[in-house]
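Before any comments, here is the structure.
The values are calculated or read from the model by the stated rules, or taken from the named source; none is laboratory data. As the structure is a prediction and not an experimental result, all values here were calculated from the model. Ideal geometry is used to build each Cβ from the backbone, glycine not excepted, and the neighbour counts take in all protein chains shown.
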Amino acid sequence: MPLNFGPWTLDAERRQLLRDGADVRLSPKAFELLTLLAKNSERAFSKGELHEHLWPNTFVSDGSLTILVAEIRDVLGDNAQLPQYIRTVQRFGYAFCAKVSTPLRASPERPGGRHGWLVWGEQCVGLADPETILGRAPEAGIRFDLPGVSRRHARITVAGEQVTLEDLESRNGTYRGSEKIAGPVTLSDGDEIRLGPVKITFRLVSPESSTSPM
């Protein structure tokens, strides 16, 4: 899934770095390093870890890593002293310091029946069968990279006409409206879901309705 940070979009599957939709060139190793750091923005990597990932079972000097970081900073317009994207962790390694988000993209409509959607801010995403994980982890089906949201915060399950919400032992709890849920609960059209600081509206849309609920 593409990652967004500032005006940049990093698409690891297509091996593309885009600025405002325009393709920007980055060497293969630099792209690999940027992808690793951006996908794991919640942690810092030691130089040893980065060497093992980029050059497994091969000896290279620290200068090779420094050159890659310098290339990324040059392309992104970053500054080592006032970093927006790549932070140097003194005597340790590097970390990604920009806020990373993933675009919420609607899944294809299922034939017949009704379709569940989540609306958050100006974004709207269709729920896929059979379940969607909501959380901060990079592999979450819908990712909210915000403090207060657990890595695997909650799960929404679609089973025919029924859509249920379940907390996954999150630190700050999952709410349906003002109710903190303790087990799976059924969602109805218009229900508000809260994951820590994030408020989401659940919409149930019939085939006759517009594709994306407003």
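Residues in the range 24-45 that are farther than 16 Å from Phe96 by Cα and either part of a loop (DSSP other than H, G, I, E, B) or at pLDDT below 90 (or both): 3 in all. Among the residues making up the range 157-206, those that are farther than 22 Å from Leu146 by Cβ and among the β-branched types (Val, Ile, Thr) are Thr157, Val158, Val163, Thr164, Val185, Thr186, Val205. Every listed requirement among (1) in contact with a Leu (Cβ under 8 Å, 6 or more places away or on another chain); (2) at pLDDT below 85 is met by Trp117 save one, (2).
Glu49 - would you say it is of a type outside the set (S, T, N, Q), surrounded by 13 or more Cβ atoms within 10 Å (Cβ to Cβ) and touching a residue at least 60 places away in the same chain (Cβ under 8 Å)? No: the conditions fail for Glu49.
In the list Asp189, Asp145, Asp129, Asp167, which residue meets the criterion of being modelled with pLDDT under 90 and over 19 Å from Ser101 (Cβ atoms)?
It is Asp129.
Arg87: farther than 28 Å from Cys124 by Cα, under 21 Å from the mean Cα position of the chain (by Cα) and not in a helix (DSSP H, G or I), yes or no? Yes: the conditions hold for Arg87.
Report whether or not Leu18 is modelled with pLDDT under 95, under 30 Å from Val125 (Cα atoms) and aliphatic (A, V, I, L, M). Spelling it out, Leu18 is indeed modelled with pLDDT under 95, under 30 Å from Val125 (Cα atoms) and aliphatic (A, V, I, L, M).
So which residues in the range 58-93 are of a type in the set (Phe, Trp, Tyr) and either under 19 Å from Asn4 (Cα atoms) or touching a Gly at 6+ places or on another chain (Cβ under 9 Å) (or both), if there are any at all?
Here is the first cut: in the range 58-93, the ones of a type in the set (Phe, Trp, Tyr) are 59, 85, 92.
Once the filter is applied, which keeps residues that are of a type in the set (Phe, Trp, Tyr) and either under 19 Å from Asn4 (Cα atoms) or touching a Gly at 6+ places or on another chain (Cβ under 9 Å) (or both), the range 58-93 yields only Tyr85.
Can you tell me how many residues in the range 52-72 are touching a residue at least 12 places away in the same chain (Cβ under 8 Å), within 22 Å of Leu10 (Cα to Cα) and more than 22 Å from the chain's Cα centre (by Cα)?
5
Selection of the range 142-178 for residues being in contact with a strand residue (DSSP E or B) (Cβ under 8 Å, 6 or more places away or on another chain) and exposed (fewer than 14 other Cβ atoms within 10 Å of the Cβ) yields Leu146, Gln162, Gly177.
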